[in-house]
């Protein structure tokens, strides 16, 4: 049984196919990497999976139930959360209150929301910043706050959209450690990332998109040695 299944999904804007006939599945407890050049359709696919766009064709199944066309808040309530490439915390609120706002998706009352927020902030290493107004955080911690907000919804499946972009080497190591701990908690992960060191180290399998179509799927070593992938993407990244 697939935990998430994307079945021949296409999305058209007018006559232009943003993504076309994409299919893959994700097993429970797995980390699936999603890579491809800029404009390949990665974030568009995330937007279909979590309900920002309804697919023009095809279906998305989460825990064997179709979620295609459902609103994002309904999909989130079913256990699928995501982060965004451009982080957008509630800028005038503290780190703590940002996480509490997300925790109320499932919390019965304020006490439970505060307890969940405390646990998530500790897990993501943001406890010391709980009272900081979020717009004052450096990028690395804003990225972690974005992750904390998603975790506060208590997801079973987490979509991470370039959560490592803009981080320095030490921040990358911290964030990679957190992602591994999330997996250890039994949370399934799909991740878009341009850092090849990150995606190769974290992913159990990788799906590669190019011009809105899937061009390869396999284990990290297979993808690294796939000539079509190297020509479309990895070669560009390694020569940059």
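The values are calculated or read from the model by the stated rules, or taken from the named source; none is laboratory data. Predicted model, so just to flag it, every value in this text is computed and none were measured. Cβ atoms come from the backbone with ideal geometry, glycine included; neighbour counts cover every protein chain shown.
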| query | Would a scan of segment 51-61 turn up a residue that is under 18 Å from the mean Cα position of the chain (by Cα), closer than 25 Å to residue 176 by Cα, at pLDDT 95 or above and in a strand (DSSP E or B)? | reply | no
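Got a sec? Which of 149, 82, 106 is touching a residue at least 40 places away in the same chain (Cβ under 8 Å) and touching a strand residue (DSSP E or B) at 6+ places or on another chain (Cβ under 8 Å)?
On the way: 149 fails: touching a strand residue (DSSP E or B) at 6+ places or on another chain (Cβ under 8 Å); 106 fails: touching a strand residue (DSSP E or B) at 6+ places or on another chain (Cβ under 8 Å).
Criteria check complete, one pass: 82.
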| task | For segment 121-137, name all the residues that are closer than 18 Å to residue 176 by Cβ and free of Cβ contacts under 8 Å to residues at least 40 places away in the same chain. | result | 126
| request: Kindly check whether there is at least one residue in segment 218-237 that is free of Cβ contacts under 8 Å to residues at least 12 places away in the same chain, in the same structural domain as residue 19 (by TED's automatic domain parsing), in contact with a helix residue (DSSP H, G or I) (Cβ under 9 Å, 6 or more places away or on another chain) and loosely packed, with under 13 Cβ neighbours inside 10 Å. | output: yes
| remark: Here the residues within segment 161-213 that are surrounded by fewer than 15 Cβ atoms within 10 Å (Cβ to Cβ), without any contact (Cβ under 8 Å) to a residue 40 or more places away in the chain and over 18 Å from residue 226 (Cα atoms) are 166, 168, 169, 170, 173, 177, 180, 184, 185
| query | Picking from 105, 70, 147, which residue would you name as being at negative phi, surrounded by 16 or more Cβ atoms within 10 Å (Cβ to Cβ), at pLDDT below 95 and not in a strand (DSSP E or B)? | reply | 105
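Residues to consider are 191, 182, 199; find the one that is out of contact with any helix residue (DSSP H, G or I) (no Cβ under 6 Å at 6 or more places or on another chain), under 21 Å from residue 44 (Cβ atoms) and in a helix (DSSP H, G or I). Don't jump to the end; show me each part of the working.
Numbers: 191 fails: in a helix (DSSP H, G or I); 182 fails: under 21 Å from residue 44 (Cβ atoms).
Within the list 191, 182, 199, the selection yields 199.
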| query | Which residues, counting only those in segment 122-144, are under 16 Å from residue 185 (Cβ atoms), surrounded by fewer than 24 Cβ atoms within 10 Å (Cβ to Cβ) and in contact with a helix residue (DSSP H, G or I) (Cβ under 9 Å, 6 or more places away or on another chain)? | reply | 123, 125
| field | Conditions (1) within 24 Å of residue 30 (Cβ to Cβ); (2) part of a helix (DSSP H, G or I); (3) out of contact with any strand residue (DSSP E or B) (no Cβ under 7 Å at 6 or more places or on another chain); number of the one not met by residue 164 | value | (2)
| request: Check residue 131 against each of (1) part of a loop (DSSP other than H, G, I, E, B); (2) within 19 Å of the chain's Cα centre (by Cα) and name the one condition it does not meet. | output: (2)
| said: Go through segment 38-67 and report how many residues are crowded, with 16+ Cβ neighbours inside 10 Å and more than 16 Å from residue 159 (Cα to Cα). | reply: 3
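Looking only at segment 20-38, which residues are without any contact (Cβ under 8 Å) to a residue 40 or more places away in the chain and closer than 18 Å to residue 164 by Cα?
38
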